[in-house]
Amino acid sequence: MPENRVLLKKCEAIDPGDVDSYVKAGGFKALKKARDRMSPVEVIEALKASGLRGRGGAGFPCGAKWELARNSREKEKFLICNADEGEVGAFKDRYVLQNDPFSVIEGMAIAAYAVGAQEAYIYLRAEYHFLLEGLKRAVEQVKAKGLLKSLDIKITEGAGAYVCGEESALMNSIEGRRGEARCRPPYPPTRGLFEKPTIINNVETLINVPHIIAKGPEWYAKLGTEKSKGTKLFSVSGDVRQPGVYEMELGCKLGDLLTLARAENVKLVQVGGASGRIVPHSMLDTRLSFETILGSGAITVFNESRDVIDIVSRTMGFFNKESCGKCTPCREGAEVMVEIFGRLVKGDGVHEDLEILEDLSHVMMDASMCGLGQTAPIPVLDTLKYFRSEYENRIDQSAFLRRLKVISA
Amino acid sequence: MAKKKEHSKAGGAREALLSMIKEEQLNSGYVADKAMAEIARTLGLPVSDVYGVATFYSFLSTTPTGKHVIRVCESVPCCLRDAEMIIAQIRGELGIAPGETTSDGRFSLELTNCIGACDQAPAMLVDDEVHGGLTPENIVEILRSYD
Ligand SMILES: Cc1cc2nc3c(=O)[nH]c(=O)nc-3n(C[C@H](O)[C@H](O)[C@H](O)COP(=O)(O)O)c2cc1C
Ligand code: SF4
Ligand code: FES
């Protein structure tokens, strides 16, 4: 299956520093159509009919989420564009923000109209500070054209914390707090930023919106699979000759994407970033969709020369560093995982370690408070499933070497 | 959640906290105890709250840093492109380990997680600037371009 460029088309066609080039390319037609010819409820119905699901990782139906906030009786509501993109191996939101900020703003304006938000935020990760000026200019230009009406779009920058991509931690961060996750419910559409109903959407989710409004939900729903509509942006990196952002129709085969990026001698692929699922070489026919595997669309490719234990060890190091520390299963669990993997890598592992890893994984998944701790053990469990013999061989080898040492001593 | 309602339009004083700390970080290179006390007084917050925020985020520091902060990505996609070699090269070039500052105060070296430049791996940030496609050779030149 070749690429299907719906979202990326404007990225190449427009000048990100010039709103007029965006207008010339058909920009803001969708916003005008929504405001002039559709009621907010009709916009939400269109979103629901399109089947658009959130692109930030969880895949929550977008229209249904908006409806929750719309139906709240609170007068003050917020909209947040999640531009924190902290997932390891993800850079598609960066690409969009850099090359087509106007689509993001148009998507936000339509969302704000639909849910009734007067104030909106773009939460930009600190690592993307170099995008700030361009984004500010884009917002100013759209505002100067009178296209935002009374909507106020602020840009808030993070300060270096992966967990702040998680929606409740993100809201804490905007409120000037530590970026720790919050207990839920209540969920943001009922009670979110400053305790007001809040819609949080990923950058990519928002740029789908103008297309759906302009061309209609029926057109959109023809793309993709039964439960995964539209196209998806994939950030492909690792052992490939052509890393980059690719846009494919949902339901495409992982192998097709790897061919485009020119992957060679593939041993395994991780789909969805650090907490993504592991796909061994024998399963590259797997289709990418919400029904199967997807996540944020970060695709990391590993070739034959790569060591599974080393990869997972580093990944656990990542989670251990980024855990916000609020709940015990994640804070302590990640620490213990790092300790065990450290031993496995060093050659001090024992077979019982594998059982402990499995037990601990289940505890973390069941008992952690937010998605970070709940999904961190996925690569552990997946590699234990598909590459168990590598773990066992390493442990046997280590035991052998230890015996040798005893004999020679 | 004992304190009531600081929400509404502007979100109250607290919303300014993170950006004030960041401003201090930018101006002074770190957030000193005195600065934290000052910010706490301005916003009417306990100093412990300010300290809590200042120590949570990896781009904020409560101890002095060098004029330029180098953050080399150590996440998996960069490691696949020999990030470790790059880190070793920078360590050798500057004579410091991650977490340290050169004696002339020019550079601090830190390791960081994915900076969203994996398509240009191995990558690093120097202050706000992204440098991708790092090699042991071009690293020297890049570092030289910062005074
Ligand atoms: C640890 C963690 C990190 C996350 N990071 C991001 C992120 O960087 N960007 C993002 O859009 N969503 C991220 N999410 C998902 C958000 O919590 C939220 O589901 C999403 O922004 C909702 O938008 P959507 O419905 O448009 O996908 C993260 C979730 C978790 C648990
Ligand atoms: S799961 Fe981890 S990141 Fe999430 S709240 Fe618990 S400690 Fe924090
Ligand atoms: S892993 Fe280094 S930039 Fe993403």
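Table for the structure above
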| quantity | calculated |
| --- | --- |
| Residue count for the stretch B:1-22, restricted to those that are at pLDDT below 95, out of contact with any helix residue (DSSP H, G or I) (no Cβ under 6 Å at 6 or more places or on another chain), open to solvent by 30 Å² or more (accessible area, probe 1.4 Å) and part of a helix (DSSP H, G or I) | 3 |
| Of all residues in the stretch A:369-395 being within 11 Å of ligand 2 (Cβ to nearest atom) and open to solvent by 10 Å² or more (accessible area, probe 1.4 Å), the one that is farthest from residue A:312 (Cα to Cα) | A:369 |
| Residue ID - least open to solvent (accessible area, probe 1.4 Å), chosen from residues in the stretch A:121-137 that are assigned to a helix (DSSP H, G or I) and over 28 Å from residue A:317 (Cβ atoms) | A:135 |
| Failed criterion for residue A:94 (all others in (1) surrounded by 24 or more Cβ atoms within 10 Å (Cβ to Cβ); (2) assigned to a strand (DSSP E or B); (3) touching a Gly at 6+ places or on another chain (Cβ under 9 Å) hold) | (2) |
| Residue check for residue A:240: within 16 Å of ligand 3 (Cβ to nearest atom), over 24 Å from residue B:16 (Cα atoms) and touching a residue at least 24 places away in the same chain (Cβ under 8 Å) | yes |
| Index of the failed condition, residue A:118 passing every other in (1) open to solvent by 10 Å² or more (accessible area, probe 1.4 Å); (2) away from chain B (no Cβ under 14 Å) | (2) |
| Matching entry among A:77, A:24 (being over 30 Å from residue A:160 (Cβ atoms) and away from ligand 3 (no atom under 16 Å from the Cβ)) | A:24 |
| The one condition in (1) more than 14 Å from chain B (Cβ to nearest Cβ); (2) touching a Pro at 6+ places or on another chain (Cβ under 7 Å); (3) not aromatic (Phe, Trp, Tyr) that residue A:268 fails to fulfil | (1) |
| Count of residues meeting criterion [surrounded by 22 or more Cβ atoms within 10 Å (Cβ to Cβ), more than 7 Å from chain B (Cβ to nearest Cβ) and within 24 Å of residue A:264 (Cβ to Cβ)] in the stretch A:309-323 | 1 |
| Qualifying positions in the stretch B:88-99 - closer than 16 Å to residue B:123 by Cβ and open to solvent by less than 20 Å² (accessible area, probe 1.4 Å) | B:90 |
| Residue selected from the stretch B:102-147 under the condition hydroxyl-bearing (Ser, Thr, Tyr) and buried (at least 20 other Cβ atoms within 10 Å of the Cβ), by the criterion nearest to the other protein chains (Cβ to nearest Cβ) | B:112 |
| Residue within the stretch A:396-408 that is over 20 Å from the mean Cα position of the chain (by Cα), modelled with pLDDT of 95 or more and surrounded by 14 or more Cβ atoms within 10 Å (Cβ to Cβ) present | no |
| Subset of the stretch A:355-393 (residues that are within 16 Å of ligand 1 (Cβ to nearest atom) and touching a helix residue (DSSP H, G or I) at 6+ places or on another chain (Cβ under 6 Å)) | A:364, A:365, A:367, A:368, A:372, A:373, A:374, A:376, A:377, A:379 |
| Scan of the stretch A:156-199 for residues that are touching an Asp or Glu at 6+ places or on another chain (Cβ under 8 Å), within 16 Å of ligand 2 (Cβ to nearest atom) and among the aliphatic types (A, V, I, L, M), ordered by number | A:161, A:163, A:169, A:170, A:181 |
| The stretch A:20-45 - residue that is buried (at least 22 other Cβ atoms within 10 Å of the Cβ) and assigned to a helix (DSSP H, G or I) and, of those, nearest to the chain's Cα centre (by Cα) | A:44 |
| Conditions (1) over 19 Å from the mean Cα position of the chain (by Cα); (2) outside any helix (DSSP H, G or I); number of the one not met by residue A:334 | (2) |
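The values are calculated or read from the model by the stated rules, or taken from the named source; none is laboratory data. Given the structure is predicted, the values throughout are model-derived calculations rather than measurements. Note that we place each Cβ from the backbone using ideal geometry, even for glycine, and neighbour counts take in every protein chain shown. Note: areas computed on protein heavy atoms with side chains; ligands, DNA, RNA excluded. Shrake-Rupley method; radii C 1.70, N 1.55, O 1.52, S 1.80 Å.
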